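The values are calculated or read from the model by the stated rules, or taken from the named source; none is laboratory data. Since we're looking at a predicted model, the values are computed, not measured. Here the Cβ positions follow ideal geometry from the backbone for every residue, glycine too, while neighbour counts run over all protein chains shown.
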Amino acid sequence: MKALVLNYGVGNLFSISSALRRIGFDVTIGDLSSGYDLIVMPGVGSFSAVSSFLSSRKDYLEDLRRSGTSFLGVCLGFQVLFDVGTEGGTSQGLGWIKGKVDLLRVKDKLPHIGWEKVKVDGCYDILEGLDGNYVYYVHSYVAFPDREPDAVSFYNGVKYPAVMCERNVVGTQFHPEKSSNTGKKFFSNLNRWLKR
């Protein structure tokens, strides 16, 4: 299985590339191109910066998605799957999942950094064995989707989407590459799902 980790020009992409290689992916880090089973949009940068990067590639991304290429968005990479985001000013996302991305509405300190339980309520093939397990978060912004998420977490009582799936597109607010055994299980499930 071949995976492309999109390089937005910022951030350390080593951890997610290593996680994918450990479960058997042949991983390339670079700009958008075809010929991959999975394209990963990692969680680095700001919404506005990634939106700007993706804007000139939007049609190509849409063609790849419609042709059956699978996508994984992690943290910020998950957020840009939505219609619009407010980080760094209002910017357009890909619109593959309906909703908006805005600041996490809590009185507590942001960014939210740490481990939270994930409650699974859908996308069971990819999230098998994850319900009730802890996953790792680093974020200040969250999605406010138009439909119920496939999994949620809570930050001091405030619920937010942890995972959403739309056909061949999967997004996680948490970082599976930093989520220890739960992350390994997620990637293993993802690998199996891609081979379906």
The number of residues in region 44-71 that are among the hydroxyl-bearing types (Ser, Thr, Tyr) and more than 17 Å from the chain's Cα centre (by Cα) is 5
Of the listed residues (Val40, Val120), the one being buried (at least 20 other Cβ atoms within 10 Å of the Cβ), free of Cβ contacts under 8 Å to residues at least 40 places away in the same chain and closer than 21 Å to His175 by Cβ is Val40
The residue from Ser140, Ser153, Ser188 that alone is more than 13 Å from the chain's Cα centre (by Cα), of a type in the set (Ser, Thr, Tyr) and farther than 27 Å from Val84 by Cα is Ser188
Ile126 fails exactly one of (1) surrounded by 14 or more Cβ atoms within 10 Å (Cβ to Cβ); (2) over 20 Å from Leu61 (Cβ atoms); (3) touching a residue at least 24 places away in the same chain (Cβ under 8 Å); (4) more than 16 Å from the chain's Cα centre (by Cα), namely (4)
Here, helices (runs of 4 or more DSSP H) confined to region 1-70 with at least 1 residues that are in contact with a helix residue (DSSP H, G or I) (Cβ under 8 Å, 6 or more places away or on another chain), modelled with pLDDT under 95 and over 30 Å from Thr86 (Cβ atoms) are 14-22
Counting only strands (runs of 3 or more DSSP E) entirely within region 126-176, those with at least 1 residues that are within 27 Å of Ser67 (Cα to Cα) are 141-145, 151-155, 158-166, 169-172
Filtering region 72-118 down to residues that are small (Gly, Ala, Ser) and in a strand (DSSP E or B) yields Gly73, Gly85, Ser91, Gly99, Gly114
